[in-house]
Amino acid sequence: QVQLVESGGGLVQAGDSLRLSCAASGSSFSRYAMGWFRQAPGKEREIVAGISWAGGSTWYADSVEGRFTISRDNTKNTVSLQMLSLRPEDTAVYYCAADRGNYPPIGDYWGKGTLVTVYS
């Protein structure tokens, strides 16, 4: 079992950058592959980025590859998403997810999300 809390969302201008953070507690963080998902209004939740248990592998959706970077710190039990060159279409609620045995992660445990709004 792991509890996840996202932070860092907000209102930003197109072209700007934002860093999201996810703090995990309750279990051994390194036993979970981690991921960031997002859900825009009227759309289904989609995976944005994933990172393997030790952080040696990363995966990105085509829509964000080259702009977003996922990272994790297993000492601090955190996973981050550095978002560069944000676009209005990046507007969504971003969720942190943990997965016990799937990579890229599907998601066994979820945070409540943090809203990112990008205006032009």
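Readers should treat all values here as calculations from the given coordinates under stated rules, not as data from a laboratory. Keep in mind the model is a prediction, meaning the values are calculated, not measured. Quick reminder, even Gly has a Cβ in these numbers, built from the backbone with ideal geometry, and neighbours come from all protein chains shown.
At a glance:
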| read-out | value |
| --- | --- |
| For the chain, the Rg and Dmax computed from alpha carbons only, in angstrom | 13.2, 41 |
| The stretch 1-56 shape via C-alpha gyration tensor axes, a/c threshold 1.5 | prolate |
| Residue among Leu18, Val64, Gln3 farthest towards the positive dipole end of the chain, charges placed on Cβ | Gln3 |
| Order by protection proxy (mean Cβ within 10 Å, highest first), peptides 60-69, 8-17 | 60-69, 8-17 |
| Percent breakdown of C-alpha pair distances by 5 Å bin, ordered from the shortest bin, for the stretch 29-79 | 5, 21, 27, 21, 15, 8, 3, 0 |
